[in-house]
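Encoded as structure tokens, the structure appears first; notes follow it.
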């Protein structure tokens, strides 16, 4: 059974550019959540999508956005990159209800220079 | 607002010791609590999931307990091994619409098991 797949694994971008990260959930999982992990702030919730609808959003600026496709694959986009956006971005998938727990991908390491 | 605290922040033990990691949360209205392990630069691996109606879960050398009313969970690791060295994270899933798909994490306990 394939796990949660995130691509790419590593990215280096320049300040002001934009970036798109991809997440393919476990087959049958309809909920996809995104997190940002930094040494100073730890793991912080970005947003969650279920059946192509954003159900929840964390406290991040509008430069951070996402979407989910009909096959449950999700993308997140960060526009006008800042140095502080350098982080490990993790996505997690779950069945329809939170009670089933979450499975995380290996993450995308984004470095902004 | 849910807050999760993990104690200790770091722990170094000799191989073979039994150890306990602690997690506390401020809002008892949770769906479940999940313990994860994270190796440096890697994603999160789920260790144990405890539903809000359960008291404990066991997997191999790991045992996690949950006391929802007091907002506490412990992860017990028996007979620790060097391969257990990692960061251990506790996360709670809140009940209610504003908590959809959201896990609130503690800052983690960095565990080092030396031979």
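The values are calculated or read from the model by the stated rules, or taken from the named source; none is laboratory data. Since the model is a prediction, treat every value here as computed from it, not as a measurement. Heads up, the Cβs are rebuilt from the backbone with ideal geometry, glycines too, and the neighbour counts pull from every protein chain shown.
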* Structure fact -> Among strands (runs of 3 or more DSSP E) entirely within segment B:15-115, at least 3 residues that are more than 9 Å from chain A (Cβ to nearest Cβ) and in contact with a helix residue (DSSP H, G or I) (Cβ under 9 Å, 6 or more places away or on another chain) occur in B:109-114
* **Those residues of segment A:9-40 which are under 13 Å from residue A:75 (Cβ atoms) and within 14 Å of chain B (Cβ to nearest Cβ), in sequence order** => A:21, A:23, A:24, A:25, A:32, A:34
* Asked: Can you name every residue in segment B:1-30 that is buried (at least 19 other Cβ atoms within 10 Å of the Cβ) and at pLDDT below 95?
  -> B:30
* Asked: Looking at segment A:41-53, is at least one residue out of contact with any strand residue (DSSP E or B) (no Cβ under 9 Å at 6 or more places or on another chain), at pLDDT below 95, surrounded by fewer than 21 Cβ atoms within 10 Å (Cβ to Cβ) and more than 9 Å from chain B (Cβ to nearest Cβ)?
  -> no
* Asked: Is there a residue being modelled with pLDDT of 95 or more and at positive phi anywhere in segment A:3-20?
  -> yes
* Can you confirm whether segment B:69-88 contains a residue that is closer than 27 Å to residue A:53 by Cα and buried (at least 19 other Cβ atoms within 10 Å of the Cβ)? => no
* Asked: Within segment B:1-14, restricting attention to residues that are touching a strand residue (DSSP E or B) at 6+ places or on another chain (Cβ under 8 Å) and part of a loop (DSSP other than H, G, I, E, B), which residue is farthest from residue B:83 (Cα to Cα)?
  -> B:2
